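Trainee: The structure's right below; bear with me while I get my questions together.
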Amino acid sequence: MTINWRYTVEENLGILSVAGYLGPDAVHRFTGAVGWALARGTGPVLVDLTELRSWSAEGQVAIAEAARRLTEAGRSLELAAIPADGSLVPTGDGPPIPVHLDLAAALAAHGVGIGGRVEGRQEWRTTGWSDEGPADE
């Protein structure tokens, strides 16, 4: 099992939604999604984990590494809706990673509403992510 992702650019904010299981086999796919976000957006990247079932230690390290990559590019990473087990990304020498209760709270912290169509919105997704939501792999 791996992940599916969708990257949406709204105003000066990127939203990387991730679904599935962020385990050792999915780290490369997550790293690729972060590269996609780096190449196609500006401003902070909110990683929406609403549809993530769980993550492994390797997945958590991949998120910490993504925060480093984004910081080096002058951007930041924030998390929304971490998995229900309550585990957090490891702290250490990396940049701080703000954690929001859910996507609505993360968007509100940036003054962006949830829902309506935003002028100039762009979106990219894996083929496993449908308009209705993520598909299981």
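The values are calculated or read from the model by the stated rules, or taken from the named source; none is laboratory data. Computed from a predicted structure; not experimentally measured. Methodologically, a virtual Cβ is constructed for each residue, glycine included, from the backbone with ideal geometry; neighbour enumeration extends over all protein chains shown. Surface areas here come from the heavy atoms of the whole protein model, side chains and all, with no ligands, DNA or RNA. Shrake-Rupley method; radii C 1.70, N 1.55, O 1.52, S 1.80 Å.
Trainee: Take A62 and decide whether it is outside any strand (DSSP E or B) and either in contact with a Phe, Trp or Tyr (Cβ under 9 Å, 6 or more places away or on another chain) or surrounded by 17 or more Cβ atoms within 10 Å (Cβ to Cβ) (or both).
Mentor: Criteria met by A62.
Trainee: Given the conditions (1) under 15 Å from A106 (Cβ atoms); (2) under 11 Å from the mean Cα position of the chain (by Cα); (3) open to solvent by less than 10 Å² (accessible area, probe 1.4 Å), and given that A19 satisfies all but one, which numbered condition is not satisfied?
Mentor: With (1) under 15 Å from A106 (Cβ atoms); (2) under 11 Å from the mean Cα position of the chain (by Cα); (3) open to solvent by less than 10 Å² (accessible area, probe 1.4 Å) applied to A19, the lone miss is (1).
Trainee: Still on this model: I'd like the residue in the range 32-49 that is free of Cβ contacts under 8 Å to residues at least 60 places away in the same chain and touching a helix residue (DSSP H, G or I) at 6+ places or on another chain (Cβ under 6 Å) and, out of all such residues, is nearest to A104 (Cα to Cα).
Mentor: Per the criteria, the residue is D48.
Trainee: In addition: Looking at E78, is it under 25 Å from V9 (Cβ atoms), in a strand (DSSP E or B) and open to solvent by 30 Å² or more (accessible area, probe 1.4 Å)?
Mentor: Judged against the criteria, E78 is not a match.
Trainee: Here's something else I'd like to know. Which residue pairs have Cβ atoms under 6 Å apart, sit 6 or more places apart or on different chains, and have a first residue in the range 111-133 that is more than 21 Å from G32 (Cβ to Cβ) and modelled with pLDDT under 75 and a second that is of a type outside the set (A, V, I, L, M, F, W, C) and open to solvent by less than 70 Å² (accessible area, probe 1.4 Å)?
Mentor: These pairs meet every condition: V118/E10; R121/E10.
Trainee: Same structure, new question: In the range 22-31, how many are surrounded by 20 or more Cβ atoms within 10 Å (Cβ to Cβ) and in a helix (DSSP H, G or I)?
Mentor: Total satisfying the criteria: 2.
Trainee: State all residues of the range 1-16 that are more than 9 Å from the chain's Cα centre (by Cα), under 18 Å from G74 (Cα atoms) and of a type in the set (A, V, I, L, M, F, W, C); if no residue qualifies, say none.
Mentor: V9, L13 - these are the residues of the range 1-16 that are more than 9 Å from the chain's Cα centre (by Cα), under 18 Å from G74 (Cα atoms) and of a type in the set (A, V, I, L, M, F, W, C).
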